[in-house]
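A quick write-up on the structure given underneath.
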Ligand SMILES: Cc1ncc(CN)c(N)n1
């Protein structure tokens, strides 16, 4: 299966994500407030772009079933994922409403443009490959934390861990990717794989950016 190849070739990156200090901090129930706030501000921006790419994907669908999947996921991104941001804000003692207008930091810009590029220039499989690492890596992170009992009632991130660890909707994306893959040559599938791996790398970059609050170097220089 093509999706197995994608996942296998991303194992190294997934491992680095699972061991990133932001992510191990969630499992341990301790993440610096500055990192949580930077994450929420950037993720609000990222999820807005993500929702627009889901909307773009609908235009590339041949069936109503595929359209419905993206439509439902669009609702999840716009409405349900608010919960994950709210948890981070609660832990940091911040009001969520005050963190929804930040400019894009460099990696948010890069990740958003990477997804938009797939939507503008690619087929359905390209869009799926660029989007799937978002739900995939979070589901893997959450499942691992649950398997290690990091979701105890003592952990303030318990609901965050269960929210992502129990959302396996990405499996439908991998099923669609496998169905679509049959239509493409080996060379074309190599390109699809590159889109997937770049998104996986950008997932790691996104944690890194928030943990160290990496912004544009010359943002406040004039
Ligand atoms: C950057 C990023 N990647 C993934 C997710 C989980 N949907 C997220 N909220 N933000």
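Pairs of Cα atoms nearer than 8 Å and 6+ residues apart set the relative contact order; for the stretch 111-163 it is 23 percent. Averaging Cα coordinates gives a centre for the stretch 146-180 and one for the stretch 35-71; these two points are 17 Å apart.
With a ≥ b ≥ c the root eigenvalues of the C-alpha gyration tensor of the chain, is it rounded (a/c under 1.5), prolate (a/b larger than b/c) or oblate?
prolate
I'd like the FRET efficiency for residue 4 and residue 217, computed as 1/(1 + (r/R0)^6) with the beta carbon distance as r and R0 of 41 Å, rounded to 0.05. The computed FRET efficiency comes out at 0.55. Remark: spin-label model distance residue 191-residue 172 equals 2.8 nm, labels positioned 7 Å along the Cα→Cβ axis. Cα convex hull, the stretch 60-120: 101 Å³ per residue, rounded to a whole number.
Applying D = kT/(6 pi eta Rh) to the stretch 1-122, where Rh is the Kirkwood radius over alpha-carbon pairs, T corresponds to 25 °C and eta to 0.890 mPa s, the Stokes-Einstein value obtained is 150 µm²/s.
The C-alpha atoms of the chain define a longest principal axis, and helix 106-121 lies at about 20 degrees to it. Counting neighbouring Cβ atoms within 10 Å and putting the fewest first, the residues 114, 85 line up as 114, 85. Sorted on the mean count of surrounding Cβ atoms within 10 Å across their residues, most packed first, peptides 121-130, 98-107 read 121-130, 98-107.
Once the C-beta distance of residue 148 and residue 11 is scaled by a Förster radius of 25 Å, the resulting FRET efficiency is 0.85 to the nearest 0.05. One quarter of the surface of the convex hull around the alpha-carbon atoms of the stretch 126-208 equals 6.0 nm², the direction-averaged projected area.
Can you give the direction-averaged projected area of the convex hull of the alpha-carbon atoms in the stretch 50-177, in nm²?
8.6 nm²
Can you figure out the FRET efficiency of residue 117 with residue 55, using R₀ = 22 Å and their beta-carbon distance, to the nearest 0.05? That gives a FRET efficiency of 0.90.
Every read-out reported here was derived from the displayed coordinates using simple, explicitly stated rules and does not represent laboratory data. All values derive from a computational prediction rather than experimental measurement. Reconstructed Cβ throughout: ideal geometry from the backbone, glycine too, with neighbour counts over all protein chains shown.
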